[in-house]
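Here's the structure, in structure tokens; my notes come after.
Every number in this text was worked out from the coordinates using simple rules, so none of it is lab data. For clarity, every value in this text was computed on a predicted model and none was experimentally measured. Please note: Cβ atoms are built from the backbone with ideal geometry, for glycine as well, and neighbour counts cover all protein chains shown.
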Amino acid sequence: MSITLLGVLLIGLSGLLVGGTLATWKTNRALAAGLAACAVLALAAGVLRLGYL
């Protein structure tokens, strides 16, 4: 698996986690906060993997 593909997959995973955050915000805010933190980490890892920062 190439480094570029891994970075793109991590950014896609962060998008899915953001969607889960929005879906669970009204029912369970603690879980939504955890999902948001994971989304930020996945996005940062994807951007760093692609070498944008």
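Which trypsin sites (Lys or Arg not before Pro) in the chain pass both tests, a DSSP loop state and at most 10 other beta-carbon atoms within 10 Å?
Values: sites: LYS26, ARG29, ARG49; in loops: LYS26.
Answer by residue number: LYS26.
Which label marks the calculated value of Cα extents along the principal axes in Å, given the options (i) 38, 18, 12; (ii) 47, 17, 14; (iii) 68, 23, 11?
This structure yields the entry labelled (i).
What do you get for the angle between helix 3-24 and the principal long axis of the chain? Use alpha-carbon atoms, 0 to 90 degrees, nearest ten.
Taking Cα atoms only, the helix is inclined about 10 degrees.
Under the Karplus relation 6.51 cos²θ - 1.76 cosθ + 1.60, θ = phi - 60°, what is the ordered set of whole-Hz ³J(HN,Hα) values for region 32-45, x standing for Gly and Pro?
For region 32-45, the Karplus-derived couplings read 5, 5, x, 5, 5, 5, 5, 5, 5, 5, 5, 5, 5, 5 Hz, x marking Gly and Pro.
Relative contact order, percent, of the chain when contacts are C-alpha pairs under 8 Å separated by at least 6 residues? Present the calculation step by step, with values, prior to reporting the outcome.
Values: 53 pairs, mean separation 27.1, N = 53.
Relative contact order of the chain: 51 percent.
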